[in-house]
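Here the structure comes first, spelled out in structure tokens, and everything after it is commentary.
The numbers here are math on the coordinates, done by the rules we state, and not lab data. All values derive from a computational prediction rather than experimental measurement. Cβ sites come from the backbone with ideal geometry, for glycine too, and all protein chains shown count toward neighbours.
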Amino acid sequence: MNESSPRPRAPDGRMKSPTVDAFFEPRTCSVQYVLSDPSSGRCALIDPVLDYDETCGATATISADGLLAFARERGLTIDWILDTHPHADHFSAAGYLREKTGAKTAIGEHVTKVQTLWKAIYNLPDTFRTDGSQWDRLFADGEIFRVGNLDVSVLFSPGHTLASISYVAGDAAFIHDTLLMPDFGTARCDFPGGDAQALWGSIQRILALPDLTRLFCGHDYQPGGRPPAWESTVAEQRASNVHLTQAGDEATFAALRRARDATLPMPKLILHALQVNIAGGRLPASESNGTSYLRLPLNALKR
Ligand SMILES: [Fe+2]
């Protein structure tokens, strides 16, 4: 599923309202994005999904290949493969897409903390590096990089994970698992390293963006069975986000978030996904028989 959202150029020639195309991945309710600059034909892929069927351990590149086909059709050159955080519900396709395109991969610099945390959970060997060197670039809060003629700034936005960042380009912000659609609320904070108070702080940073900023979230769980949606604005979130309207301060929000998280089962792929995603979206190396194996720690995430 794809929805294009082209916007006009600002008078100074700088793209203030970049083109955003969204691709909903229904198996994990994830939203993948292509952020592009028509003036240069350059683009970034944000939160691409590597397909995975846990019932048989099969991976596939249908979603990622769809992004590549889209870029090819539009004549776009892929400069960046960006993740907002190490995902717990799907494999990142960053490793695959880097191999296919040679584009640079990036994530937030605090991914090193997530690597350290999960290296211990998985009891990974000493050779597993926790310095973030699995990505080409680690972004710090406030850092600015370019996609063609677009300036993209990095907003550190932890809470859902220790390392989450948002990407802000003109009037578009990719806010992953912070605020979800207003009728669903906010992202959970109960994974290792999650923190409801930190999420509140991140949400305040996002709500401080201009009212008409287009907010693109990382998932949509289609409450009430409505069609998938992923775009809102700061003004809409302020007015109608079901968690923000119930909780107007940090302590109330954190209590609400923790109470809700206590009712949620762990995502079914969390133990599958993190070991791939802390390695930059790379599957474990093949063993002597040519097969790659995942590790499954028992009783590591007892609630
Ligand atoms: Fe997530």
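Given axes a ≥ b ≥ c from the Cα gyration tensor, I'd like to know whether region 84-126 is rounded (a/c under 1.5), prolate (a/b larger than b/c) or oblate. It is prolate, given that a/c is not under 1.5 and a/b is the larger ratio. Each label point was placed 7 Å from the Cα along the Cα-to-Cβ direction; for Gln246 and Cys29 their separation is 1.5 nm. Here the contact order of the chain, divided by its residue count and restricted to Cα pairs under 8 Å and six or more residues apart, works out to 16 percent.
Taken about its Cα centre, region 33-143 carries a charge dipole of roughly 260 debye when the Cβ of each Lys and Arg holds +1 and the Cβ of each Asp and Glu holds -1. One chain, two ends: Ala60 and Ala285. Fully extended at 0.36 nm per residue, the span grows by 79.3 nm beyond their Cα-Cα distance. Just for region 23-135, what percent of DSSP beta bridges are antiparallel, to the closest 5? The antiparallel fraction comes to roughly 60 percent. If R0 equals 25 Å, the separation of the Cβ atoms of Asp211 and Ala69 corresponds to a calculated FRET efficiency of about 0.10.
Charge tally around Gln237: other residues with Cβ under 12 Å, Lys/Arg +1 each, Asp/Glu -1 each, net -2. Whole Å is fine, so just give me how far the alpha carbon centre of region 66-107 lies from that of region 285-303. Each part reduced to its Cα centre gives a spacing of 25 Å. Of the peptides 294-300, 240-246, the ranking by mean beta-carbon count within 10 Å, highest at the top, reads 240-246, 294-300. Comparing Ala22, Gly248, Ala262 along the charge dipole axis of region 20-277, the residue lying farthest to the positive side is Ala262, per the Cβ-charge model.
Enumerate the residues in region 110-152 having an amide nitrogen under 20 Å from the point lying 7 Å beyond the Cα of Lys104 toward its Cβ. Flagged as within label range: 110-112, 131-152. Where both residues lie in the chain, what percent of DSSP beta bridges are antiparallel, nearest 5? Bridges in the chain that DSSP calls antiparallel: roughly 70 percent. Decide, for region 20-277, between rounded, prolate and oblate: order the square roots of the alpha carbon gyration tensor eigenvalues as a ≥ b ≥ c, take rounded if a/c falls under 1.5, and otherwise choose prolate if a/b is larger than b/c, else oblate. Note, shape of region 20-277 comes out rounded.
At an R0 of 35 angstrom, the distance between the Cβ atoms of Arg258 and Ser153 translates into a FRET efficiency of 0.70.
Given +1 at the Cβ of Lys and Arg, -1 at the Cβ of Asp and Glu and no other charges, the dipole of region 20-277 around its Cα centre is 160 debye to the nearest 20.
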